[in-house]
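J.: Take this structure first; my questions come after.
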Amino acid sequence: MVNHTQIEEDLRSLLDHSEIKTYEPLKNYTYTRTGGPADFYITVHDIEDASRVLQYSHENHIPVTYLGNGSNIIIRDGGVRGIVLNLLELNYLYESNSVITVGSGRAIIDVSNYARDLSLTGMEFACGIPGSVGGAVYMNAGAYGGEIKDCLTEVTVLDETGKRITLKNEELGLEYRKSMVQENDYAVVEAKFSLKPGKLEDIQKMMDDLTERRSSKQPLEYPSCGSVFQRPPGNFAGKLIQEAGLQGHRIGGVEVSKKHAGFMVNVDGGTAGDYEALIEYVQKKVYSLFGVTLNREVRIIGEPVYRRAERQK
Ligand SMILES: Cc1cc2nc3c(=O)[nH]c(=O)nc-3n(C[C@H](O)[C@H](O)[C@H](O)COP(=O)(O)OP(=O)(O)OC[C@H]3O[C@@H](n4cnc5c(N)ncnc54)[C@H](O)[C@@H]3O)c2cc1C
């Protein structure tokens, strides 16, 4: 792999409309407020630059990690080696014939609100999910009986060489919190959602109802990553954790929420290490009491300990 200084010089001459930061603390970009530095943190403003980054990193064997809104990710305290690619500036949004086309960096909540303003129904479920469109497609995000799979028609992705590929809904392997974007390491850059004409009052009423349910049940006043675990078949992670008496259990600065047992909140300067230790503790406890394995929904990436890639002359 080329050295740090050379990579920085190459990237600056290669990219037209992007910001490049080095040794950037990632805790500034995650909902849990945890995460050590990225060697290179690049915010691209157009798809062409995203493609150039991928082509360059592929040719030079530099790992690339995509970051959306950071609402479903725990980045370890040692940070991420290589390039972290922020796609949030790919945020255009327009509608034609009840199809909304949106850049992957746009908040999924914006898409839900935009659909409502056009009296289009089908995206009400997403009105409180704090992720980007790219993260929502990657996770097949869903809530209250709806999911991305129900309204997504196609996405444009970049493969690891930077080549654009368009994939239809049925080619995306969308299942509960799963998509083939995960296995293929694609960068999602655009999505299209097909919706139906509806009545503004009905759409607004449903969104108000879901917002009320969310704010009354979820600890939105604290940093968190949403539901830490997936729903085990025929059960609920939060119910099992509650029955195990784990609400309020704390490791370091992170505790199992007293308001919603499926959430872990950063109450006092908690680290990614605290999160991981608490997740493991809860998994072991629930398994020993109920014989149920809790699989994580939240992604965990990065290195536990920071090893700085020194600048070389
Ligand atoms: C308070 C709270 C409530 C939540 N409620 C819900 C809910 O009701 N339903 C639900 O499903 N989730 C929920 N979540 C989790 C989260 O909002 C979703 O999973 C969301 O889709 C993640 O999007 P993101 O942009 O934040 O992704 P990030 O956290 O930034 O990343 C998550 C994963 O997606 C990948 N990724 C992100 N963008 C791209 C891209 N453009 N291309 C390729 N890969 C990408 C990342 O590499 C990472 O592996 C909640 C989270 C919080 C904090």
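J.: So which residues in the stretch 151-163 are open to solvent by 10 Å² or more (accessible area, probe 1.4 Å), within 13 Å of the ligand (Cβ to nearest atom) and not acidic (D, E), if there are any at all?
T.: T156
J.: So S288 fits all but one of (1) small (G, A, S); (2) open to solvent by 40 Å² or more (accessible area, probe 1.4 Å); (3) closer than 24 Å to K178 by Cα; what number is the exception?
T.: (3)
J.: Determine if the stretch 109-117 includes at least one residue that is within 9 Å of the ligand (Cβ to nearest atom), on the phi < 0 side of the Ramachandran plot and not assigned by TED's automatic domain parsing to the domain that holds E280.
T.: No, the stretch 109-117 contains no residue that is within 9 Å of the ligand (Cβ to nearest atom), on the phi < 0 side of the Ramachandran plot and not assigned by TED's automatic domain parsing to the domain that holds E280.
J.: Can you go through V133, V102, V137 and tell me which one is within 8 Å of the ligand (Cβ to nearest atom), modelled with pLDDT of 95 or more, out of contact with any Lys or Arg (no Cβ under 7 Å at 6 or more places or on another chain) and open to solvent by less than 30 Å² (accessible area, probe 1.4 Å)?
T.: V137
J.: Of the numbered conditions (1) open to solvent by 50 Å² or more (accessible area, probe 1.4 Å); (2) at negative phi, N97 satisfies every one except a single condition; which is it?
T.: Result: N97 passes all but (2).
Results for (1) away from the ligand (no atom under 16 Å from the Cβ); (2) at pLDDT below 95, shown as yes or no for each residue.
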residue: H4; (1), (2): yes, yes
residue: E8; (1), (2): yes, yes
residue: L14; (1), (2): yes, yes
residue: S18; (1), (2): no, yes
residue: K27; (1), (2): no, no
residue: Y41; (1), (2): no, no
residue: A50; (1), (2): no, no
residue: E59; (1), (2): yes, no
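J.: May I ask you to verify whether T22 is more than 23 Å from N184 (Cβ to Cβ), open to solvent by less than 50 Å² (accessible area, probe 1.4 Å), in contact with a helix residue (DSSP H, G or I) (Cβ under 8 Å, 6 or more places away or on another chain) and more than 16 Å from the ligand (Cβ to nearest atom)?
T.: Details: more than 23 Å from N184 (Cβ to Cβ): yes; open to solvent by less than 50 Å² (accessible area, probe 1.4 Å): yes; in contact with a helix residue (DSSP H, G or I) (Cβ under 8 Å, 6 or more places away or on another chain): yes; more than 16 Å from the ligand (Cβ to nearest atom): yes.
It is true that T22 is more than 23 Å from N184 (Cβ to Cβ), open to solvent by less than 50 Å² (accessible area, probe 1.4 Å), in contact with a helix residue (DSSP H, G or I) (Cβ under 8 Å, 6 or more places away or on another chain) and more than 16 Å from the ligand (Cβ to nearest atom).
J.: Could you check the stretch 233-254 and list, in sequence order, the residues that are open to solvent by less than 50 Å² (accessible area, probe 1.4 Å) and in contact with a Phe, Trp or Tyr (Cβ under 9 Å, 6 or more places away or on another chain)?
T.: First, pick out the residues of the stretch 233-254 that are open to solvent by less than 50 Å² (accessible area, probe 1.4 Å): 235, 237-238, 240-241, 244, 246, 248, 251, 253-254.
Matches in the stretch 233-254: N235, A237, G238, L240, I241, A244, L246, I251, V254.
The values are calculated or read from the model by the stated rules, or taken from the named source; none is laboratory data. On a predicted model such as this, the values are computed, not experimentally measured, just so you know. Glycine also receives a Cβ, built like all others from the backbone with ideal geometry; neighbour counts cover every protein chain displayed. The area values use the complete protein model at the heavy-atom level, side chains included, leaving out ligands, DNA and RNA. Shrake-Rupley method; radii C 1.70, N 1.55, O 1.52, S 1.80 Å.
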